[in-house]
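Read-outs: derived from the displayed coordinates by stated rules, not from any lab. These figures come from a predicted structure and were not determined experimentally. Note that each Cβ is placed from the backbone with ideal geometry, even for glycine, and that neighbours are counted across all protein chains shown.
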Amino acid sequence: MTEFYKLCRVFKCLTACDGCCIIYTMIKDLQQQIIKLKKERDVCILAHSYMSEEICEVADFTGDSYALSVKAKTAPQSTVIMCGVRFMAETVKMLSPQKKVILASPDAGCPMAEQFDREVIEQVKKMYGDYAVVAYVNTTAELKTVADVCVTSSSAVKICRALPDKNILFIPDINLGTYVSKQVPEKNFKLLSGGCPTHAKIEKAEVIAAKRAHPDALFLVHPECRPEVVELADFVGSTSGIMDFAEKSDKKEFIIGTENSIVQHLQYKCPEKRFYPLSKDLVCHNMKLTTLPDVLNCILGCGGEEIVMEENLRAQAVKCIEKMIELGG
Ligand code: 13P
Ligand code: SF4
């Protein structure tokens with residue numbers, strides 16, 4: 001209970017009342033059922049950092065998309081429940097075809113992952129025959145079959161530097177691609193105009209206003225934001241990178257330029273520091289679809305969607321994920 005009183009998770013206030021005590025008890029009850037059943041049924045719960053605090057608390061592992069991919073390979077359990085979006089569950093299935101992989105909320109997709117069809121990328125590849133195709137992991141399994149290597153926001157710079165190729169066709173996120181191209185100036189980049197609708201809508205004026213409102217705060221940003229937003233940052237990193245930086249920093253105030261769940265997680269982890277969302281609109285509605293009852297229903301076998309992938313597609317798509325792990329490790 002003491003933990004709970006740090007910050008009320010129902011009404012976001014600093015005290016607790018009967019209303020939030022009842023909801024807290026319900027959450028704890030659901031969590032206990034999940035923790036007991038996952039052990040009995042040999043289930044591993046993976047949660048992306050954008051999941052709610054309640055879900056992260058029952059997860060075996062929480063992290064950014066790179067860390068989840070690596071964890072997926074080594075998790076010993078026979079069933080994996082992915083609390084995140086579809087491409088993340090597909091990645092787990094690719095790396096562990098023998099496991100039962102369940103996407104906790106079947107409607108949770110990533111709009112960026114769906115932005116380009118394989119046929120379109122094949123056409124672009126014909127135009128740039130001497131370019132290596134580097135695909136952000138936020139892509140469909142189909143699209144991964146035409147990529148040479150995958151990257152995540154935390155591994156993109158390292159992997160693009162390490163590739164032997166001088167020319168890189170970076171798909172689909174133009175903002176991440178622009179950020180990486182500036183960090184790796186020795187290579188030639190071609191970018192497509194895809195991106196994350198949640199991060200890309202943030203404007204420079206909002207950063208300036210947030211900095212004016214919180215002049216002592218450091219500004220931490222995800223590279224899916226526009227270049228003019230990223231340029232104003234004190235730190236650029238993945239969801240886990242932003243959390244690590246804020247936790248280790250001596251500073252006390254931070255403006256968070258990524259999905260607002262990170263603000264909530266950091267406020268729980270570091271109650272003595274202050275975290276401000278860059279914008280109230282920084283919400284990924286797909287990531288918000290997964291609930292604690294969804295997780296319980298998956299374990300009980302009456303919820304979620306089992307990922308089924310045709311073997312040829314899996315075998316072709318997994319190559320660029322394995323290369324990512326090899327070069328990014
Ligand atoms: P991370 O790789 O930082 O977890 O990002 C995934 C994502 O979808 C961010 O919007
Ligand atoms: Fe996709 Fe953007 Fe949501 Fe991340 S925040 S899952 S990139 S839509």
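Things to note:
- Inter-label distance, nm, simple model (7 Å from Cα along the C-beta direction), Glu119/Glu53: 4.8
- Overall form of region 40-169 per C-alpha gyration tensor (a/c, 1.5; a/b vs b/c): prolate
- C-alpha center-to-center spacing [region 150-201, region 98-145] in angstrom: 15
- Per residue, the chain reaches -13000 deg cm²/dmol at 222 nm when only DSSP H runs of four or more residues are counted, each adding -39500 (n - 2.57).
- Span from the region 39-79 Cα centroid across to the region 251-275 one, whole angstrom: 22
- Listed values for region 140-148 are Karplus-derived 3J(HN,Hα) couplings in whole Hz (6.51 cos²θ - 1.76 cosθ + 1.60, θ = phi - 60°), namely 6, 4, 4, 5, 5, 5, 9, 9, 8, and x replaces Gly and Pro.
- The GluC sites (Glu not before Pro) of region 119-216 meeting both criteria, a DSSP state outside H, G, I, E and B (loop) and at most 10 other C-beta atoms within 10 angstrom of the site's C-beta, are Glu186.
- Among Ala233, Ala162, Ala147, residue whose mean-square fluctuation peaks in a GNM of the chain (springs only between Cα atoms under 10 Å): Ala162
- Amide hydrogen neighbours beyond the local backbone of Ile168, cut-off 5 Å, H modeled: Ala132, Asn188, Phe189, Lys190
- Vicinal HN-Hα couplings computed from phi for region 308-314 (Karplus, 6.51 cos²θ - 1.76 cosθ + 1.60; Hz; Gly/Pro x): 10, 9, 4, 4, 4, 4, 4
- Across the chain, the mean sequence separation of Cα contacts (distance under 8 Å, 6 or more residues apart), normalised by length, yields a relative contact order of 20 percent.
- Sorting Leu300, Leu220, Leu163 from the fewest to the most surrounding beta carbons within 10 angstrom yields Leu300, Leu163, Leu220.
- Sum of side-chain charges, Leu191 neighbourhood, beta-carbon under 15 Å (Lys, Arg +1; Asp, Glu -1): +3
- Longest DSSP-loop-exposure-free segment, trypsin sites (Lys or Arg not before Pro), the chain, at most 10 other Cβ within 10 Å: 13-279
- Prolate/oblate/rounded call for the chain, Cα gyration tensor, a/c under 1.5 rounded: oblate
- The string of couplings for region 83-91 from the Karplus curve (6.51, -1.76, 1.60, θ = phi - 60°) is 9, x, 10, 4, 4, 6, 5, 5, 4 Hz, one whole number per residue in order, with x for Gly and Pro.
- In plain terms, the chain from Glu310 to Ile325 could stretch by 3.2 nm, reckoned as 0.36 nm per residue minus the Cα-Cα distance.
- Lysine pairs within region 202-329, Cα separation less than 18 Å, 8 or more sequence positions apart or different chains: 12
- Extension gain (nm, one decimal) between Cys21 and Ala162, 0.36 nm per residue minus Cα-Cα: 45.6 nm
- Near Val151, the amide H atoms lying under 5 Å from its own belong to Ala135, Tyr136, Val137; only residues 5 or more places off or on other chains count, and H is placed 1.01 Å from N.
- Choice from Asn297, Asn138, Asn260 with maximal GNM fluctuation in the chain (Cα, 10 Å cutoff): Asn297
- GNM top mover of Val207, Val308, Val151 - the chain, alpha-carbon springs below 10 Å: Val308
- The distance from the alpha carbon centre of region 291-312 to that of region 206-228 is 37 Å, rounded to a whole number.
- Pairwise FRET efficiency - Lys36 versus Asp234, Cβ, R0 = 35 Å, nearest 0.05: 0.20
- With K and R counted +1 and D and E -1, the other residues having a Cβ less than 10 Å from that of Met243 yield a net charge of -1.
- The H on the amide N of Glu253, modeled in the peptide plane, is under 5 Å from the matching H of Leu218, Arg274, each at least 5 residues off or on a different chain.
- The mean sequence separation of alpha-carbon pairs under 8 Å and at least six residues apart, normalised by the residue count of region 132-227, gives a relative contact order of 25 percent.
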